[in-house]
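The values are calculated or read from the model by the stated rules, or taken from the named source; none is laboratory data. Source: prediction; values computed, not measured. Reconstructed Cβ throughout: ideal geometry from the backbone, glycine too, with neighbour counts over all protein chains shown. When the accessible area is computed, the model is the full protein with side chains, heavy atoms only, and any ligands, DNA or RNA have been set aside. Shrake-Rupley method; radii C 1.70, N 1.55, O 1.52, S 1.80 Å.
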Amino acid sequence: IGASTGGVEALHTLIAGFPEDCPPTLIVQHIAACFAPGIVQSLGRVARAEVMLAESDHVLRPGQVLLAPGDTKHMLLARSGSAAYRTVLRAGDKVSGHRPSVDRLFASVAEIAGARALGILLTGMGEDGARGLHAMAQAGAHTIAQDEATCVVFGMPRAAIALGAAREVLPLGQIAPRVFADRRAGA
């Protein structure tokens, strides 16, 4: 999941709709590092899944939602053995004007998880995440962008839609129900 301006509120709505045993979820929200622990705490109050600050080399498990720890490092997905995934926090220059960058996260997900992944791009200014979401779509992942009517700022989703990166464009309140509809139907 990637978000920027208006994203904290959007994340509260989205994560509240995730089941306790949701697939491991990685979030890049453009924020200063000093605000990340507070966001984890506030998301934890609305989530059924466990919400935590991402750490490098954390092996991902169902029921976990990990937030990139602010503006000091990029968060990437990596392999952990043959079947598992882990987070990697890596220093580096800003990408698309940001660190952490949604583009960097999504590009790593496209490369490592491919069609087994799902990418969601929420409200935000600029274009961060658009190219990464496009890479995910090209790798066979399902991709969703938040619609203009429910965005605080439609920049990031608009850029992704313009690239053809979003397979679906949905109002914020319909994203979690859409993502987890198959699970509720017994699929």
Task: Residue-by-residue Karplus 3J(HN,Hα) for the range 159-171, coefficients 6.51, -1.76, 1.60, Hz, glycine and proline x - done: 4, 5, 4, 4, 7, x, 7, 9, 6, 9, 10, 10, x
- [ ] Return, ordered by residue number, the residues of the range 92-134 whose backbone nitrogen is under 17 Å from a label point located 7 Å along Cα→Cβ of T72.
- [x] 92-94, 99-101
Task: Within the chain, percent of DSSP bridges classed antiparallel, to nearest 5 - done: 35
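Leaving ligands, DNA and RNA out of it, report the carbon-plus-sulfur percent of the accessible area of the chain at a 1.4 Å probe. List each step's numbers first, then the result.
Working: 4320 of 8200 Å².
Percent of accessible area from carbon and sulfur atoms in the chain: 53.
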Open item on the list: I'd like the distance separating the alpha-carbon centroids of the range 99-147 and the range 57-71, in whole Å.
Closed with: 16
Task: Computed accessible area, D93, all protein chains, 1.4 angstrom probe, square angstrom - done: 130
Task: Residues with amide H under 5 Å from that of V169, placed H, sequence gap 5 or more - done: A145
Task: Label-point gap, in nm, between S80 and E168 - each point 7 angstrom along Cα→Cβ - done: 2.8
TODO: With no solvent and one equal point scatterer per Cα, compute the Debye intensity ratio I(q)/I(0) for the range 125-187 at 0.18, 0.28 Å⁻¹ and report its log10, rounded to two decimals.
DONE: -0.64, -1.13
Open item on the list: Under 5 Å between amide hydrogens, which residues at least 5 positions from V51 or on another chain qualify, with H placed 1.01 Å from N in the peptide plane?
Closed with: V65
Task: Square roots of five times the Cα gyration tensor eigenvalues for the range 110-155, Å - done: 22, 10, 6
Task: S4 accessible area, assembled protein chains, probe 1.4 Å, Å² - done: 10
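Determine the gain in length on full extension of the stretch F35-V59; use 0.36 nm per residue of separation and subtract their C-alpha separation, reporting nm with one decimal.
Working: separation 24, 0.36 × 24 = 8.64 nm, distance 2.39 nm.
Net length gain for the segment: 6.3 nm.
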Task: Radius of gyration and Dmax over the Cα atoms of the chain, both given in Å - done: 14.7, 44
